[in-house]
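Asker: Pasting in a structure now, in structure tokens, and then I'll have a few things to ask.
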Ligand SMILES: C[S@@+](CC[C@H](N)C(=O)[O-])C[C@H]1O[C@@H](n2cnc3c(N)ncnc32)[C@H](O)[C@@H]1O
């Protein structure tokens with residue numbers, strides 16, 4: 001299949017409704033990563049010259065080819081309009097690897113925790129590819145508020161949470177050592193809409209048990 005998924009008319013698990021959600025069915029985790037690359041390129045063309053962007057976590061760039069994943073340089077796809085890229089990654093090894101990887105480029109890798117980091121940034125775009133799914137809902141809610149504060153007016157947020165149509169769940173990710181959270185889709189979308197205008201939402205990958213990876217493109221008002 002075409003890397004990056006194909007559109008289908010399939011209904012979302014659990015009948016999540018209330019939004020116009022396009023189902024993009026990726027067959028495996030690699031395809032999900034390619035889908036993210038495509039989304040990065042789509043956002044890249046919207047960026048003004050000399051942009052500063054935030055890509056949360058360094059997973060996609062440094063994970064290596066493990067457990068069905070492969071390294072996909074999302075940061076490398078953001079295009080020539082980007083002057084400065086910031087990455088925030090709370091694991092020492094991943095932050096270090098990202099620093100090494102981008103040492104000759106204008107990429108600032110902060111080993112820090114999104115939940116606690118405080119700064120007066122103004123970004124032209126933020127990419128959160130499931131980092132938000134590694135924190136409980138109370139903390140995730142606050143991080144979404146931070147994204148709003150850190151984005152310039154009109155700037156895009158590209159976010160890919162793991163959501164469930166039913167009760168929020170949490171547990172080990174299976175292939176990931178971290179504890180992960182699948183937030184309730186309705187609550188998540190409602191929270192996003194407190195701050196952002198949703199431009200596009202696509203369900204990308206259905207996990208076991210009705211958990212979906214969503215992709216939501218939103219704009220600061
Ligand atoms: C498995 S990855 C996310 C998925 C990946 N971006 C993708 O495209 O599938 C989670 C990454 O976020 C990092 N992370 C989790 N919580 C974080 C936080 N609060 N602050 C910064 N980094 C965090 C983890 O160390 C890990 O590298």
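The values are calculated or read from the model by the stated rules, or taken from the named source; none is laboratory data. This is a predicted model, so every value here is computed, not measured. Reconstructed Cβ throughout: ideal geometry from the backbone, glycine too, with neighbour counts over all protein chains shown.
Asker: Looking at (1) buried (at least 21 other Cβ atoms within 10 Å of the Cβ); (2) part of a loop (DSSP other than H, G, I, E, B), can you tell me which one residue 119 breaks?
Answerer: Against the list (1) buried (at least 21 other Cβ atoms within 10 Å of the Cβ); (2) part of a loop (DSSP other than H, G, I, E, B), residue 119 comes up short only on (1).
Asker: Evaluate the following for residue 163: is it modelled with pLDDT of 90 or more and under 16 Å from the mean Cα position of the chain (by Cα)? Steps first, please.
Answerer: Working: modelled with pLDDT of 90 or more: no; under 16 Å from the mean Cα position of the chain (by Cα): yes.
Here the answer is no, as residue 163 does not meet what is asked.
Asker: Taking the stretch 70-90 as the search range and keeping residues that are assigned to a loop (DSSP other than H, G, I, E, B) and within 17 Å of the chain's Cα centre (by Cα), which one is farthest from residue 118 (Cα to Cα)?
Answerer: If we filter the stretch 70-90 for residues that are assigned to a loop (DSSP other than H, G, I, E, B), which is where we start, we get 70-73, 78-81, 90.
From what's left, within 17 Å of the chain's Cα centre (by Cα): 70-73, 78, 90.
Values: 70: 31, 71: 29, 72: 28, 73: 26, 78: 24, 90: 14 Å.
Only one residue tops the list, namely 70.
Asker: (1) farther than 25 Å from residue 24 by Cα; (2) over 17 Å from the mean Cα position of the chain (by Cα); (3) within 16 Å of the ligand (Cβ to nearest atom): which one isn't true of residue 170, the others all being true?
Answerer: For residue 170, the failing item is (1).
Asker: Could you check how many residues of the stretch 53-69 are in a loop (DSSP other than H, G, I, E, B) and either surrounded by fewer than 22 Cβ atoms within 10 Å (Cβ to Cβ) or over 15 Å from the mean Cα position of the chain (by Cα) (or both)? If you could, list the steps in order and put the result at the bottom.
Answerer: Within the stretch 53-69, the subset in a loop (DSSP other than H, G, I, E, B) is 57-58, 63-69.
Right, trim to either surrounded by fewer than 22 Cβ atoms within 10 Å (Cβ to Cβ) or over 15 Å from the mean Cα position of the chain (by Cα) (or both) and you get 63-69.
Total satisfying the criteria: 7.
Asker: Right, next: Does the stretch 129-147 hold any residues that are in contact with a strand residue (DSSP E or B) (Cβ under 7 Å, 6 or more places away or on another chain) and more than 8 Å from the ligand (Cβ to nearest atom), and which are they? Before you say what the answer is, go through the steps one by one.
Answerer: Step one: of the stretch 129-147, the residues in contact with a strand residue (DSSP E or B) (Cβ under 7 Å, 6 or more places away or on another chain) are 130-137, 140, 147.
Scanning the stretch 129-147 gives 132, 136, 137, 140, 147.
Asker: Can you name the residue in the stretch 2-27 that is at pLDDT 50 or above and loosely packed, with under 12 Cβ neighbours inside 10 Å and is also farthest from residue 214 (Cα to Cα) among such residues?
Answerer: By that ranking, first place goes to 27.
Asker: Just checking, does the stretch 199-217 include any residue being at pLDDT 90 or above and away from the ligand (no atom under 16 Å from the Cβ)?
Answerer: The initial filter retains those residues of the stretch 199-217 that are at pLDDT 90 or above, namely none.
Taking every residue of the stretch 199-217 in turn, none turns out to be at pLDDT 90 or above and away from the ligand (no atom under 16 Å from the Cβ).
Asker: Has the stretch 38-52 got any residue that is surrounded by 15 or more Cβ atoms within 10 Å (Cβ to Cβ) and within 10 Å of the ligand (Cβ to nearest atom)?
Answerer: No, the stretch 38-52 contains no residue that is surrounded by 15 or more Cβ atoms within 10 Å (Cβ to Cβ) and within 10 Å of the ligand (Cβ to nearest atom).
Asker: A further question follows. Which pairs do you get when a residue that is at positive phi, found in the stretch 40-66, comes within reach of a residue that is in a helix (DSSP H, G or I), reach meaning Cβ atoms under 8 angstrom, with the pair 6+ apart or on two chains?
Answerer: Qualifying pairs under 8 Å: 57/94; 57/131.
Asker: Another question, if that's okay. When you check residue 114 against the structure, is it assigned to a loop (DSSP other than H, G, I, E, B) and in contact with a strand residue (DSSP E or B) (Cβ under 7 Å, 6 or more places away or on another chain), yes or no?
Answerer: Values: assigned to a loop (DSSP other than H, G, I, E, B): yes; in contact with a strand residue (DSSP E or B) (Cβ under 7 Å, 6 or more places away or on another chain): yes.
In short, yes.
The rows are residues; the columns are (1) within 15 Å of the ligand (Cβ to nearest atom); (2) farther than 16 Å from residue 146 by Cα.
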residue: 74; (1), (2): yes, yes
residue: 77; (1), (2): yes, yes
residue: 87; (1), (2): yes, no
residue: 90; (1), (2): yes, yes
residue: 93; (1), (2): yes, yes
residue: 106; (1), (2): no, yes
residue: 114; (1), (2): yes, no
residue: 127; (1), (2): yes, no
